[in-house]
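The block underneath contains the structure these notes are about, expressed in structure tokens.
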Amino acid sequence: MSDKLLREHLHAQLEDIRARGLAKKERRLTSPQGAEILVGGRAVINFCANNYLGLANHPAIIEAAMDGLRRYGNGLASVRFICGTQDAHKNLESAIAHFFAKDDAILYSSCWDANGGLFETILGPEDTVLSDELNHASIIDGIRLCKAQRYRYRNCDLTDLEKGLREAGTGGLRLIATDGVFSMDGVLAPLPEICALADRYDGIVVVDDSHATGIMGPGGRGTAEHLGVLSRIDIITSTLGKTLGGAAGGFTCAATEVVEMLRQRSRPYLFSNSLPPAIVLAATKALELVASGSDLRDRLHANAKKLRAGLEKAGFTLKTGTHPIVPVMLGDAALASRMADRLLDEGIYVIGFSFPVVPQGQARIRLQVSAVHTDEQLDRAVAAFTKVGREIVG
């Protein structure tokens, strides 16, 4: 066969991945997303979704999506600048910009595309981009596409960041890119200090706030609001696929000139079909729910605090923090995978994370709490971790 060499080459690599306990397995769900899901016909408690406020299966979100289908159809069969912009798209962009107190916003098929289309569009060879070493892969790949000089600073290390800013010189733009919340750790970026350095060195600050939009800050406006620097962040990218409905889509919000340049030159925007109307209207409704009050956010953070306390009391080592991402540190990849499988037997759906998703030797089980988890479900999770931990870890 013509592909024999390729298949043999990949087969050997796949066997090596499996032998080292690094293989990623996909479990099939037969239910909607929620705190409880069906896996193989069995009900289990889900601690793996980015469904922080429980909106992925919220009746108001479902109705909004159905309304989008009825009013606007299934899709536009086109890109935005040709024949693919509806008033629903513009309304959502306006709502996002207003929510974050920015001039304008632009929708993408995903936050991956928002990051992939940002740096190449606004940076040139004379510019410098400074990126946290633990930034999301979409930021890393987006930066690879641009011609700017690159400096990777150690995670949340302000001394190293300042060193990069000094070395960048004054010949062009200096852009600092960071996650608002580092998704594998639940750690917040030190945005006030980053903004202070940006002020000192005439830098621009870009934050991907996918794991904080809707859930952090008094109004749910993310890490920057939570840390008191929302007005000092120049560009925010985020997703509609986590808190804001759980489906798909992403956005960038910034000054008018930034967004207009993205509309003119950002390749993922120019060459991707418009976001489907059902997703647009569902996300618009999700944003309304987020802005309407803090009840769900309050419940979410109370749940995260309860789960953290229970796991720590049981003797597990957690990454320090208050975010609803709760990493249980295990170290060994095979151990994390085996423990996740046993927890599924106990009715707790979790996933073991290992290299290359996290650094070598830092394998973990990452739990993600939702506002719709009940106290009883949280207690069951702690009990299951305690039981399985004693069996496997000792």
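Within segment 304-327, if we keep just the residues that are within 20 Å of S210 (Cα to Cα) and at pLDDT 95 or above, the residue that is surrounded by the fewest Cβ atoms within 10 Å (Cβ to Cβ) turns out to be I325. Of the candidates I106, I61, I96, the single residue that is over 30 Å from D345 (Cβ atoms), of a type outside the set (S, T, Y), part of a strand (DSSP E or B) and modelled with pLDDT of 95 or more is I106.
If I ask for residues that are open to solvent by 50 Å² or more (accessible area, probe 1.4 Å), without any contact (Cβ under 8 Å) to a residue 24 or more places away in the chain and in a loop (DSSP other than H, G, I, E, B), which ones from segment 26-46 would you list? Correct list: E26, R28, T30, G40, G41. So for segment 361-375 (the condition being assigned to a helix (DSSP H, G or I) and either at pLDDT below 95 or under 22 Å from G54 (Cβ atoms) (or both)), does at least one residue qualify? Checked against the condition, which is being assigned to a helix (DSSP H, G or I) and either at pLDDT below 95 or under 22 Å from G54 (Cβ atoms) (or both), segment 361-375 yields at least one hit.
One residue stands out among those in segment 362-382 that are open to solvent by 60 Å² or more (accessible area, probe 1.4 Å) and touching a Gly at 6+ places or on another chain (Cβ under 9 Å): the one that is farthest from L296 (Cα to Cα), which is Q362. Considering L330, L289, the condition of being in contact (Cβ under 8 Å) with a residue 60 or more places away in the chain, open to solvent by 30 Å² or more (accessible area, probe 1.4 Å), of a type in the set (A, V, I, L, M, F, W, C) and not in a helix (DSSP H, G or I) is satisfied by L330 alone. One residue stands out among those in segment 347-360 that are part of a strand (DSSP E or B) and among the hydrophobic types (A, V, I, L, M, F, W, C): the one that is nearest to I140 (Cα to Cα), which is F353.
Against the list (1) touching a strand residue (DSSP E or B) at 6+ places or on another chain (Cβ under 9 Å); (2) farther than 25 Å from H136 by Cα, the condition Y52 fails is (2).
A quick yes/no check of all residues on (1) touching a helix residue (DSSP H, G or I) at 6+ places or on another chain (Cβ under 7 Å); (2) within 24 Å of A105 (Cβ to Cβ):
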{"position": "P32", "(1), (2)": "yes, no"}
{"position": "E36", "(1), (2)": "no, no"}
{"position": "R42", "(1), (2)": "no, no"}
{"position": "C48", "(1), (2)": "no, no"}
{"position": "N51", "(1), (2)": "no, yes"}
{"position": "A56", "(1), (2)": "no, yes"}
{"position": "L69", "(1), (2)": "yes, yes"}
{"position": "V79", "(1), (2)": "yes, yes"}
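Screening A56, A49, A23 for residues that are in a helix (DSSP H, G or I) and not charged (D, E, K, R) leaves exactly one candidate, A56. Residue pairs whose Cβ atoms lie under 7 Å apart, sitting 6 or more positions apart in sequence or on different chains, and linking a residue in segment 133-148 that is more than 18 Å from Y108 (Cβ to Cβ) to a partner that is open to solvent by 70 Å² or more (accessible area, probe 1.4 Å) and not in a loop (DSSP other than H, G, I, E, B), are E133/R152.
The criterion of being assigned to a helix (DSSP H, G or I) and either surrounded by 15 or more Cβ atoms within 10 Å (Cβ to Cβ) or touching a strand residue (DSSP E or B) at 6+ places or on another chain (Cβ under 8 Å) (or both) does not hold for R390.
Considering only segment 203-244, state which residues are part of a loop (DSSP other than H, G, I, E, B), open to solvent by less than 20 Å² (accessible area, probe 1.4 Å) and over 21 Å from M184 (Cα atoms). If the condition is that a residue be part of a loop (DSSP other than H, G, I, E, B), open to solvent by less than 20 Å² (accessible area, probe 1.4 Å) and over 21 Å from M184 (Cα atoms), then G219, V229, I233 are the ones that fit. Scanning segment 58-72 turns up at least one residue that is within 25 Å of H323 (Cβ to Cβ) and either touching a Ser or Thr at 6+ places or on another chain (Cβ under 7 Å) or open to solvent by less than 20 Å² (accessible area, probe 1.4 Å) (or both).
The values are calculated or read from the model by the stated rules, or taken from the named source; none is laboratory data. What you see is a predicted model; the values in this text were computed from it and never measured. All Cβ positions, glycine included, derive from the backbone under ideal geometry; neighbour counts span all protein chains shown. Accessible surface is based on the protein model in full, side chains and every heavy atom, while ligands, DNA and RNA are left aside. Shrake-Rupley method; radii C 1.70, N 1.55, O 1.52, S 1.80 Å.
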